[in-house]
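To start, the structure itself, in structure tokens.
The values are calculated or read from the model by the stated rules, or taken from the named source; none is laboratory data. Since this is a predicted model, take the numbers as computed values, not measurements. All Cβ positions, even for glycine, are placed from backbone atoms using ideal geometry, and neighbour counts span all protein chains on display.
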Amino acid sequence: MTHGRPVSFGRYIFWLVVSILIAGFLAWAFIPTAVPVDVSKIEVGTMTVRVEGEGQTRVKDIYAISAPAAGRLMRIETEAGDKVIATKTRLAVIEPADPTILDSRSRAEAEATAQAAEDALALASAEEDRAKAELAFASSELIRAEKLSQNGTISRRALDVAQLDVATRAAELKSAEATVQVRMHELAMARARLLTPADGGGDAQCCVAITAPVDGQVLRILHESEGVVAAGEVLMEIGDPRHLEVVVDVLTRDGARIHEGAPAVIENWGGDALNGTVRRIEPFGYTKISVLGIEEQRVDVIIDFDEADAIPKALGHGFRVEVGIQEWQSDGVLKAPMAALFRVDGGWAAFVMQTDETARLVRLTVGHLNGREAEVLSGLSAGDEVVLHPSERIQDGVSLVRRKM
């Protein structure tokens with residue numbers, strides 16, 4: 001009779017222990033763990049909806065100082081920021097411009113015109129001399145006629161003819177003299193066209209001095225150096241920096257929700273926030289290209305500072321500012337942070353952390369939004385704790401744990 005190999009109980013015990021450890025590890029690995037979250041409590045308070053945008057400050061009344069006549073502008077000694085007094089502070093001086101340089105053709109034409117003017121003057125002088133001679137002869141004839149008329153040698157008519165001839169010759173002499181004067185002026189004009197910049201001489205009495213039209217400060221100088229300017233060319237801008245306003249461009253759909261008199265907050269200009277009020281919404285919209293290359297319809301909104309005397313001296317013309325214009329505000333509003341809300345089936349929803357520290361999905365009815373908070377009309381109550389920035393791990397009924405700071 002043969003006997004079998006003895007059974008090794010140690011091997012069975014080893015694999016049993018290994019199997020128990022593996023099963024325990026798998027069970028532990030698949031046990032659901034609590035998801036760490038940040039929560040926020042739903043509160044009742046004041047909520048404000050604003051239209052926000054970027055704008056810039058500007059002086060309400062800017063005076064553009066332009067050249068009243070063409071000429072040579074003397075260097076402007078006034079600097080930006082200098083104070084000016086109306087009708088007293090001289091801003092700029094304009095002298096007559098130098099003659100233009102003639103090319104060869106223009107100079108030849110001008111010389112020929114001048115020579116023709118000289119010949120015309122000589123002809124007029126000769127006509128004047130002839131008129132003088134004829135007048136002298138007519139005067140002597142009149143003297144003889146008067147003597148003969150006294151003796152009765154000639155008739156009264158002959159005497160009248162002699163007198164008429166003298167008057168006619170005198171008128172012709174005056175006409176000849178006037179013609180000579182005209183030809184002299186024409187010659188002067190023709191010679192003036194031949195003047196070069198080296199021949200031009202400035203006359204201080206003919207200069208035009210430009211004075212400040214109002215009290216204020218020089219905002220900027222557009223033409224500082226000496227040079228020739230055209231009539232109407234803008235030289236500088238002046239205004240009173242104490243009278244500032246803010247102009248901000250907003251989308252037309254946002255501008256339609258803003259009303260005149262709405263309060264505004266002016267921030268991020270380099271100092272403390274300032275308060276303002278919407279004075280006017282421009283009636284004319286315009287197209288503006290955004291930084292992304294998208295055409296947008298925008299409209300300008302003009303805002304006045306509430307306290308003009310409190311405008312900081314450091315705030316000047318053309319400063320960039322950020323503006324928040326109040327569109328809607330209400331007290332006693334049940335509000336939730338926008339970070340807790342997300343879209344579900346076209347509506348709004350949030351996860352509420354219940355007392356047993358599990359998540360519960362709630363559907364919300366939302367009113368006004370301002371980018372940071374939302375007005376909750378239904379679905380939440382004051383004191384509820386909502387999960388901020390819920391991830392995909394959070395589902396209805398999942399265990400939650402407050403994240404440790």
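Descriptive notes on the structure:
- Pair list, Cβ < 9 Å and 6+ apart or interchain, from the stretch 170-187 residues that are farther than 11 Å from Ser125 by Cα and modelled with pLDDT under 90 to residues that are in a helix (DSSP H, G or I) and among the β-branched types (Val, Ile, Thr): Glu186/Thr113
- Residue check, Val218 more than 30 Å from Asp119 (Cα to Cα), surrounded by 15 or more Cβ atoms within 10 Å (Cβ to Cβ), not assigned by TED's automatic domain parsing to the domain that holds Ile311 and not small (Gly, Ala, Ser): yes
- Residue within the stretch 310-328 that is touching a helix residue (DSSP H, G or I) at 6+ places or on another chain (Cβ under 9 Å) and in contact (Cβ under 8 Å) with a residue 60 or more places away in the chain present: yes
- Looking only at residues in the stretch 354-405 that are among the acidic types (Asp, Glu) and assigned to a loop (DSSP other than H, G, I, E, B), the one that is surrounded by the most Cβ atoms within 10 Å (Cβ to Cβ) is Asp384.
Rundown of residues vs (1) within 18 Å of Met189 (Cβ to Cβ); (2) in contact with a strand residue (DSSP E or B) (Cβ under 7 Å, 6 or more places away or on another chain); (3) of a type outside the set (Lys, Arg), yes/no style:
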| site | (1), (2), (3) |
| --- | --- |
| Glu95 | no, yes, yes |
| Leu102 | yes, no, yes |
| Arg105 | no, no, no |
| Thr113 | yes, no, yes |
| Ala116 | yes, no, yes |
| Glu128 | no, no, yes |
| Glu146 | no, no, yes |
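- Count of the stretch 229-262 residues which are assigned to a strand (DSSP E or B) and either outside the structural domain of Leu91 (by TED's automatic domain parsing) or surrounded by 14 or more Cβ atoms within 10 Å (Cβ to Cβ) (or both): 14
- The set of residues in the stretch 299-310 that are more than 12 Å from Ile258 (Cβ to Cβ) and in a strand (DSSP E or B) comprises Asp304, Phe305.
- Beta carbons closer than 9 Å, at least 6 apart along the sequence or on distinct chains, pair a first residue in the stretch 133-148 that is free of Cβ contacts under 8 Å to residues at least 24 places away in the same chain with a second that is among the β-branched types (Val, Ile, Thr) for Ala145/Ile154; Ala145/Val161; Lys147/Thr153; Leu148/Ile154.
- Test: residue in the stretch 280-298 that is part of a strand (DSSP E or B), among the aromatic types (Phe, Trp, Tyr) and over 17 Å from the mean Cα position of the chain (by Cα): no
- Filtering the stretch 82-129 to residues that are over 37 Å from the mean Cα position of the chain (by Cα) and among the acidic types (Asp, Glu) leaves Asp103, Glu109, Glu111, Glu118, Asp119, Glu127, Glu128, Asp129.
- In the stretch 92-110, the residues that are among the basic types (Lys, Arg) and modelled with pLDDT of 85 or more: Arg105
- Against the conditions (1) of a type in the set (A, V, I, L, M, F, W, C); (2) assigned to a loop (DSSP other than H, G, I, E, B); (3) buried (at least 19 other Cβ atoms within 10 Å of the Cβ), Ala314 satisfies every one except (3).
Yes/no per residue for (1) buried (at least 18 other Cβ atoms within 10 Å of the Cβ); (2) part of a strand (DSSP E or B); (3) free of Cβ contacts under 8 Å to residues at least 24 places away in the same chain:
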| position | (1), (2), (3) |
| --- | --- |
| Glu54 | no, yes, no |
| Ala64 | no, yes, no |
| Glu109 | no, no, yes |
| Thr113 | no, no, no |
| Ala131 | yes, no, no |
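- Residue in the stretch 342-353 that is of a type in the set (Gly, Ala, Ser), touching a residue at least 60 places away in the same chain (Cβ under 8 Å) and not in a strand (DSSP E or B) present: no
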